[in-house]
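*Asks:* Mind having a look at this structure? Questions to follow.
The values are calculated or read from the model by the stated rules, or taken from the named source; none is laboratory data. Note that the structure is predicted; figures quoted are calculated from it, not measured. Cβ placement follows ideal geometry from the backbone for every residue including glycine, while neighbour counts extend to all protein chains displayed.
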Amino acid sequence: MRIVKLALAPLAALAFLGPATLAQQGPPSAPEVAPVSTTVAAKPALWKIADSDTTIYLFGTIHLLPGGIEWYDGPLASAFEQSKELVTEIPETSDGQTMNLMLKYGMLPAGQTLRAQMSPDERTRYEGAMTGLSLPPGAFDRYKPWFAAVALAVLPLQKAGYSMENGIEKQLDKRNTALGRPRSGLETLEFQLGIFDGLSPEVQKTYLFSVIDALPTIITDIDKMVQAWAKGDVDALAATLNDETDDPALYEVLLVQRNKNWAVWIDNRMDQPGAVFIAVGAGHLGGKDSVQALLAKDGIKVTRVQ
């Protein structure tokens, strides 16, 4: 299961596989779900790096969330409103750009199909998962295994009421736009999709069948991840997302190397005055390979403020 959550939580690009995107690409979208009526007060973790003229806040996000979670208040709201710039994993990207890149990186070459790459037993397992989600067996035949894996993981969450509209980046972007402030990205959407596309076909297929094996409990497992995030329980979140992952290669490319890149970015940004609010997937800000741990190794002090 960890490989599924590791791939879902840190990569903002995956949030773009929402109902509209999936519908445009062929498979049916998730049905509408009634809003969650219960309100949950959340206190997710927030950190600060500061010197005499620069302040950088670090906030761990969940890209897809259910409704009813109230998280924007206290030190977090104050930090965001005092900042002059929002920095997320990727910059704002139009629907057209997103669709073009999804097609560029997600589709198989002409003449190839997904199910043709499977053994008879694999095909039976895969088609059973598709049927269980009320999808036609051939819905993703034109797509690479990583794309099918992500779609199969995201669709049950959508059916359970999770959405990008409720996700942290979407909510922060709305507030940032209202304040008339700039937003930039640590990476590009093309880079993030290229991470999955760069995985070998064997690793992509391993990921796909890990998702299929996790489907029976995926909602419960993701709910627990969100609960740890809402409590600000960084250790529990890190253990859930990052520790003992069942694919070290995927862990390295999805999390460790990107954290190293971002730690360098933060170090360089500290040379410029001003206040910046960085919001990235919560999996990047917990555990031994977190952004904060890497900054500490370089002698940069990170203080938790919520």
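*Asks:* Output the residues belonging to the range 260-306 that are within 15 Å of residue 85 (Cβ to Cβ) and basic (Lys, Arg).
*Replies:* 269
*Asks:* Quick test for you: out of 255, 250, pick the one residue that is in contact with a Phe, Trp or Tyr (Cβ under 8 Å, 6 or more places away or on another chain) and in contact (Cβ under 8 Å) with a residue 12 or more places away in the chain.
*Replies:* On the way: 255 fails: in contact with a Phe, Trp or Tyr (Cβ under 8 Å, 6 or more places away or on another chain).
Exactly one residue qualifies, and that residue is 250.
*Asks:* Return yes or no: is residue 135 surrounded by 17 or more Cβ atoms within 10 Å (Cβ to Cβ), under 24 Å from residue 240 (Cα atoms) and either of a type in the set (Ser, Thr, Tyr) or in contact (Cβ under 8 Å) with a residue 40 or more places away in the chain (or both)? Talk me through it step by step, then tell me what you get.
*Replies:* Numbers: surrounded by 17 or more Cβ atoms within 10 Å (Cβ to Cβ): yes; under 24 Å from residue 240 (Cα atoms): no; either of a type in the set (Ser, Thr, Tyr) or in contact (Cβ under 8 Å) with a residue 40 or more places away in the chain (or both): yes.
Against the criterion (surrounded by 17 or more Cβ atoms within 10 Å (Cβ to Cβ), under 24 Å from residue 240 (Cα atoms) and either of a type in the set (Ser, Thr, Tyr) or in contact (Cβ under 8 Å) with a residue 40 or more places away in the chain (or both)), residue 135 does not qualify.
*Asks:* Please go through the range 42-67 and give me each residue that is out of contact with any Leu (no Cβ under 9 Å at 6 or more places or on another chain) and in a loop (DSSP other than H, G, I, E, B), ordered by number.
*Replies:* Just the residues of the range 42-67 that are out of contact with any Leu (no Cβ under 9 Å at 6 or more places or on another chain), to begin with: 42, 50-56, 62, 65, 67.
42, 51, 52, 53, 62, 67, listed by residue number.
*Asks:* Now a separate question. If residue 93 meets every condition in (1) assigned to a loop (DSSP other than H, G, I, E, B); (2) within 17 Å of the chain's Cα centre (by Cα); (3) modelled with pLDDT of 95 or more apart from one, which number is that one?
*Replies:* For residue 93, the exception is condition (3).
*Asks:* Can you find a residue that is closer than 30 Å to residue 198 by Cα, in contact with a Phe, Trp or Tyr (Cβ under 7 Å, 6 or more places away or on another chain) and either at pLDDT 95 or above or surrounded by fewer than 16 Cβ atoms within 10 Å (Cβ to Cβ) (or both) anywhere in the range 291-301?
*Replies:* Residues of the range 291-301 closer than 30 Å to residue 198 by Cα: 291-295, 297-298.
Of the ones still in play, those that are also in contact with a Phe, Trp or Tyr (Cβ under 7 Å, 6 or more places away or on another chain) are 291-292.
So of that shortlist, the ones also either at pLDDT 95 or above or surrounded by fewer than 16 Cβ atoms within 10 Å (Cβ to Cβ) (or both) come out as 291-292.
Yes, the range 291-301 contains a residue that is closer than 30 Å to residue 198 by Cα, in contact with a Phe, Trp or Tyr (Cβ under 7 Å, 6 or more places away or on another chain) and either at pLDDT 95 or above or surrounded by fewer than 16 Cβ atoms within 10 Å (Cβ to Cβ) (or both).
*Asks:* Moving to a separate point now. Of the conditions (1) among the basic types (Lys, Arg); (2) surrounded by 16 or more Cβ atoms within 10 Å (Cβ to Cβ); (3) in contact with a Ser or Thr (Cβ under 9 Å, 6 or more places away or on another chain), residue 205 fails just one. Which one is it?
*Replies:* (3)
*Asks:* Which of the residues belonging to the range 140-153 are in a loop (DSSP other than H, G, I, E, B) and either within 14 Å of residue 207 (Cα to Cα) or among the hydrophobic types (A, V, I, L, M, F, W, C) (or both)?
*Replies:* From the range 140-153, those in a loop (DSSP other than H, G, I, E, B) are 140-142, 144; that's our starting set.
Within the range 140-153, 140, 144 qualify.
*Asks:* Return a yes/no flag: does the range 165-178 have any residue that is in contact with a helix residue (DSSP H, G or I) (Cβ under 8 Å, 6 or more places away or on another chain), among the hydrophobic types (A, V, I, L, M, F, W, C), closer than 16 Å to residue 218 by Cβ and touching a residue at least 60 places away in the same chain (Cβ under 8 Å).
*Replies:* no
*Asks:* Of 213, 197, 223, which residue is modelled with pLDDT under 95, surrounded by fewer than 18 Cβ atoms within 10 Å (Cβ to Cβ) and out of contact with any helix residue (DSSP H, G or I) (no Cβ under 9 Å at 6 or more places or on another chain)? First the steps, then the outcome.
*Replies:* Working: 213 fails: out of contact with any helix residue (DSSP H, G or I) (no Cβ under 9 Å at 6 or more places or on another chain); 197 fails: out of contact with any helix residue (DSSP H, G or I) (no Cβ under 9 Å at 6 or more places or on another chain).
Of the residues listed, the single one that is modelled with pLDDT under 95, surrounded by fewer than 18 Cβ atoms within 10 Å (Cβ to Cβ) and out of contact with any helix residue (DSSP H, G or I) (no Cβ under 9 Å at 6 or more places or on another chain) is 223.
*Asks:* Filter the range 237-280 down to the residues that are surrounded by 15 or more Cβ atoms within 10 Å (Cβ to Cβ), in a helix (DSSP H, G or I) and modelled with pLDDT under 90 and list them by number.
*Replies:* 237, 238, 239, 240, 241, 250, 251, 253, 254, 255, listed by residue number.
*Asks:* Quick one: in the range 75-113, which of the residues that are of a type in the set (Gly, Ala, Ser) and in contact with a strand residue (DSSP E or B) (Cβ under 9 Å, 6 or more places away or on another chain) is nearest to residue 184 (Cα to Cα)?
*Replies:* Of all residues in the range 75-113, those of a type in the set (Gly, Ala, Ser) come to 77-79, 83, 94, 96, 106, 110-111.
Next, from what is left, pick out any that are in contact with a strand residue (DSSP E or B) (Cβ under 9 Å, 6 or more places away or on another chain): 79, 83, 106.
On the way: 79: 17, 83: 13, 106: 25 Å.
Here the answer is 83.
*Asks:* Given the criterion without any contact (Cβ under 8 Å) to a residue 12 or more places away in the chain, within 30 Å of residue 149 (Cβ to Cβ) and surrounded by fewer than 14 Cβ atoms within 10 Å (Cβ to Cβ), identify the matching residue among 94, 52. Outline the logic, then answer.
*Replies:* Numbers: 52 fails: within 30 Å of residue 149 (Cβ to Cβ).
None of the others qualify; the one that does is 94.
*Asks:* Can you give me the number of residues within the range 160-205 that are of a type in the set (A, V, I, L, M) and closer than 19 Å to residue 150 by Cα?
*Replies:* Of the residues in the range 160-205, the ones of a type in the set (A, V, I, L, M) are 160, 164, 168, 172, 178-179, 186, 189, 193, 195, 199, 203.
Filter once more, so that each one left must be closer than 19 Å to residue 150 by Cα: 160, 164, 189, 193, 195, 199, 203.
Counting residues in the range 160-205 that are of a type in the set (A, V, I, L, M) and closer than 19 Å to residue 150 by Cα gives 7.
*Asks:* Please state which of the following conditions residue 226 fails to meet, knowing it meets all the rest: (1) out of contact with any Gly (no Cβ under 9 Å at 6 or more places or on another chain); (2) in contact (Cβ under 8 Å) with a residue 60 or more places away in the chain; (3) not in a helix (DSSP H, G or I).
*Replies:* Failing condition for residue 226: (3).
*Asks:* A follow-up question, please. Quick check on this structure: which one of 156, 137 is outside any helix (DSSP H, G or I) and more than 30 Å from residue 82 (Cα to Cα)? Can you show your working first?
*Replies:* On the way: 156 fails: outside any helix (DSSP H, G or I).
Sole residue among the options that is outside any helix (DSSP H, G or I) and more than 30 Å from residue 82 (Cα to Cα): 137.
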